[in-house]
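The values are calculated or read from the model by the stated rules, or taken from the named source; none is laboratory data. Bear in mind the structure is a predicted one, so any value in this text is a computation, not a measurement. Note that we place each Cβ from the backbone using ideal geometry, even for glycine, and neighbour counts take in every protein chain shown. Side chains included, ligands, DNA and RNA excluded: accessible areas come from the protein's heavy atoms. Shrake-Rupley method; radii C 1.70, N 1.55, O 1.52, S 1.80 Å.
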Amino acid sequence: MLRTNAWNTYNKTQLKAVEKFADDYKNFLDNAKTEREAIDTIVNEIEAAGYRELNTLIGGKTKLKKGDKVYSVWMNKSIVMFQIGSEPLEKGLNILGAHIDSPRVDVKQNPLCEKEGLAYLDTHYYGGIKKYQFVAMPLALHGVVVKKDGTTVQLNVGEDEDDPVFFFSDLLIHLAAEQMDKKAAKVIEGEALDLIVGSRPLIVPGKAKKEEKDDPKLTEGENYAVKYVKQETTASIDASNAVKRGVMAILYDLYGIEEEDFISAELEIVPAGKARDAGFDRSMILGYGHDDRVCAYPSMRALLETKDLKRTGCCILVDKEEIGSVGATGMQSKFFENAVAELMNLTKEGYNDLALRRCLANSCMLSSDVSAAYDPTFAASFEKKNAALLGGGLVFNKFTGARGKSGSNDANAEYLAAIRRVCDDNKIVYQTAELGKVDVGGGGTIAYILALYGMNVVDSGVAVLNMHAPWEAISKADLYESLRGYKAFLTDMDLVY
């Protein structure tokens, strides 16, 4: 089957558009390294484009009409956006769905400790990662700490040039003979991912140790740390913890955080640094979180840039895909269905359960998730003619899953034919692929969850090199074709059984 390289299809005007969109996307990546940061960035952009929050409309007398734009955020980690079309909602939606969580390492709830003069945060990795890829590199700490009184402290440390960074240590090669004989999965154990966050002890004057009142020569954080560790010392005779004490003092002085506040914190450890152009020709982008923000961002932008829709357009960006789409903010929760029900209730046609069921069953969806790019260095893991090529355009995966398509949404031939028509009519460069050779591995997306409503769903996204590594790579051309393809889908897809 003939393959087209998207770069060969662009004129000078289109090449400028490719670069402009790539710059916009890199800026998004830099500002959205966690789900919460992604939601904040997206809400700022869509509200500037005229989107209104769904909850502010509930209970009002105003009925939504064609062209109205609304959104709903759930628990600051997932969002659904709608642009009302001319047809009744009962006839279905055109949906772009992606996820905004990425593989990373999370801080545990009782993390801060000291071992032989080094302060650590204990961690638990999130999603499928090669743990050895995360050691001996600069890392940043992002997230929130929610105090007992409900106030939220936001942390973003390690991204600015003046910020400190953090790291997981690795064993020096001179002493690593035994380590090098281990399988890759065991080279770095999960419990060995302890983040180094300090090494300088807080020296406390003898007077301060004896008196209960604060020492005016110490900062508030240092006084807090002294008192706290004195309590620890009473309970445990060998608890010196001078370095831990110093870190606690800094956290208290800078953020007002006490050690107990880690219990109600969500702190994510991610690679420090900005997304960068890659290659002498600057044709690629190297960055953290392409999976799956490289599909989430063009999905959002596609809905912003389309107008005069026939079928109501929808963009769903969700959390927890990397761990099975579970939990209140994952695709398996009811937040999307609830949002559609509330939306219907705000239109002239109104809400009833049968209309909601018809709406969801009549909908068409692109489950916008990344695909594995063919890597010549590891060619043995791919079946080339059914692999996605970097620069080959928007990727469609009829099925994912593992082994005998286990856990997959296997899209119908009729739907793929409609997809082909939309792409060809709009001159979208696209390709089809599967995830590696049969029986080599596998993976899944949110596609099967939406398919439970009976709607047509197919996996569609951008090819990625180094998938799930701290730094992943994509083609700018594929990114741009995803935007073009998603816009064409929103305006032209009209398949209804």
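Is there a residue being touching a residue at least 24 places away in the same chain (Cβ under 8 Å), in a loop (DSSP other than H, G, I, E, B) and more than 20 Å from Gly324 (Cβ to Cβ) anywhere in the range 395-402?
So far as the range 395-402 goes, yes, one or more of its residues are touching a residue at least 24 places away in the same chain (Cβ under 8 Å), in a loop (DSSP other than H, G, I, E, B) and more than 20 Å from Gly324 (Cβ to Cβ).
Can you tell me how many residues in the range 214-243 are among the acidic types (Asp, Glu) and either touching a strand residue (DSSP E or B) at 6+ places or on another chain (Cβ under 9 Å) or at pLDDT below 55 (or both)?
Residues flagged as among the acidic types (Asp, Glu) and either touching a strand residue (DSSP E or B) at 6+ places or on another chain (Cβ under 9 Å) or at pLDDT below 55 (or both) within the range 214-243 amount to 2.
Do you know which of the residues in the range 319-334 that are surrounded by fewer than 22 Cβ atoms within 10 Å (Cβ to Cβ) and out of contact with any Lys or Arg (no Cβ under 6 Å at 6 or more places or on another chain) is nearest to Arg293 (Cα to Cα)?
Glu322
Consider only pairs whose beta carbons are under 8 Å apart and that are at least six residues apart or on different chains; among these, list those whose first residue lies in the range 188-200 and is under 12 Å from Lys115 (Cβ atoms) and whose second residue is modelled with pLDDT under 95 and assigned to a loop (DSSP other than H, G, I, E, B).
Ser199/Gly117
Could we say that Cys364 is touching a Ser or Thr at 6+ places or on another chain (Cβ under 7 Å) and open to solvent by less than 40 Å² (accessible area, probe 1.4 Å) here?
Spelling it out, it is not the case that Cys364 is touching a Ser or Thr at 6+ places or on another chain (Cβ under 7 Å) and open to solvent by less than 40 Å² (accessible area, probe 1.4 Å).
In contact with a Lys or Arg (Cβ under 7 Å, 6 or more places away or on another chain), outside any loop (DSSP other than H, G, I, E, B), crowded, with 19+ Cβ neighbours inside 10 Å and not hydroxyl-bearing (Ser, Thr, Tyr), is that true of Ile316?
Against the criterion (in contact with a Lys or Arg (Cβ under 7 Å, 6 or more places away or on another chain), outside any loop (DSSP other than H, G, I, E, B), crowded, with 19+ Cβ neighbours inside 10 Å and not hydroxyl-bearing (Ser, Thr, Tyr)), Ile316 does not qualify.
Could you grab me the full set of residues in the range 137-157 that are among the hydroxyl-bearing types (Ser, Thr, Tyr) and assigned to a loop (DSSP other than H, G, I, E, B)?
Listed by number, the list holds a single entry, Thr151.
When you scan the range 412-497 for helices (runs of 4 or more DSSP H) that lie fully inside it, which ones turn up with 3 or more residues that are surrounded by 18 or more Cβ atoms within 10 Å (Cβ to Cβ) and at pLDDT below 95?
Filter on the range 412-497 gives 447-451.
Would you tally the residues in the range 103-136 being open to solvent by 40 Å² or more (accessible area, probe 1.4 Å) and in a strand (DSSP E or B)?
So the answer is 9.
Among the residues of the range 276-307, write down those that are among the small types (Gly, Ala, Ser), crowded, with 21+ Cβ neighbours inside 10 Å and part of a loop (DSSP other than H, G, I, E, B).
Selection gives Gly289 alone.
Could you go through the range 67-77 and let me know if any residue there is over 16 Å from Glu305 (Cβ atoms), without any contact (Cβ under 8 Å) to a residue 40 or more places away in the chain and among the charged types (D, E, K, R).
Scanning the range 67-77, I find at least one residue that is over 16 Å from Glu305 (Cβ atoms), without any contact (Cβ under 8 Å) to a residue 40 or more places away in the chain and among the charged types (D, E, K, R), so the answer is yes.
Could you say whether any residue in the range 415-427 is in contact with a strand residue (DSSP E or B) (Cβ under 6 Å, 6 or more places away or on another chain) and within 25 Å of Glu90 (Cα to Cα)?
Yes; the residues of the range 415-427 include at least one that is in contact with a strand residue (DSSP E or B) (Cβ under 6 Å, 6 or more places away or on another chain) and within 25 Å of Glu90 (Cα to Cα).
Quick check on the range 369-387. Is at least one of its residues touching a Leu at 6+ places or on another chain (Cβ under 8 Å), of a type in the set (Lys, Arg) and at pLDDT 85 or above?
No: zero hits.
For the range 344-386, how many residues are among the acidic types (Asp, Glu) and not in a loop (DSSP other than H, G, I, E, B)?
1
Out of Gly67, Gly92, which single residue is open to solvent by 10 Å² or more (accessible area, probe 1.4 Å), within 16 Å of Thr491 (Cα to Cα) and of a type outside the set (Val, Ile, Thr)?
Gly67 is the lone residue from the list that is open to solvent by 10 Å² or more (accessible area, probe 1.4 Å), within 16 Å of Thr491 (Cα to Cα) and of a type outside the set (Val, Ile, Thr).
Which fully enclosed helices (runs of 4 or more DSSP H) of the range 12-102 have 1 or more residues being farther than 28 Å from Ala477 by Cβ, at pLDDT 95 or above and of a type in the set (Asp, Glu)?
Filter on the range 12-102 gives 35-48.
For the range 18-48, how many residues are surrounded by 15 or more Cβ atoms within 10 Å (Cβ to Cβ), more than 14 Å from the chain's Cα centre (by Cα) and among the small types (Gly, Ala, Ser)?
1
Within the range 354-375, which residues are within 27 Å of the chain's Cα centre (by Cα) and without any contact (Cβ under 8 Å) to a residue 12 or more places away in the chain?
none
Sort through Ala418, Ala413 and tell me the only one that's free of Cβ contacts under 8 Å to residues at least 12 places away in the same chain, farther than 28 Å from Ser283 by Cβ and over 21 Å from the mean Cα position of the chain (by Cα).
Ala413
Out of all the residues in the range 145-156, is one or more surrounded by 12 or more Cβ atoms within 10 Å (Cβ to Cβ) and in contact with a His (Cβ under 7 Å, 6 or more places away or on another chain)?
Yes, that holds for at least one residue.
Conditions (1) touching a helix residue (DSSP H, G or I) at 6+ places or on another chain (Cβ under 8 Å); (2) closer than 21 Å to Val270 by Cβ, marked per residue:
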{"position": "Glu45", "(1), (2)": "yes, no"}
{"position": "Lys61", "(1), (2)": "no, no"}
{"position": "Lys66", "(1), (2)": "no, no"}
{"position": "Val73", "(1), (2)": "yes, no"}
{"position": "Ala98", "(1), (2)": "yes, yes"}
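Could you count how many residues in the range 160-203 are within 18 Å of Gln133 (Cβ to Cβ) and surrounded by 10 or more Cβ atoms within 10 Å (Cβ to Cβ)?
The total comes to 22.
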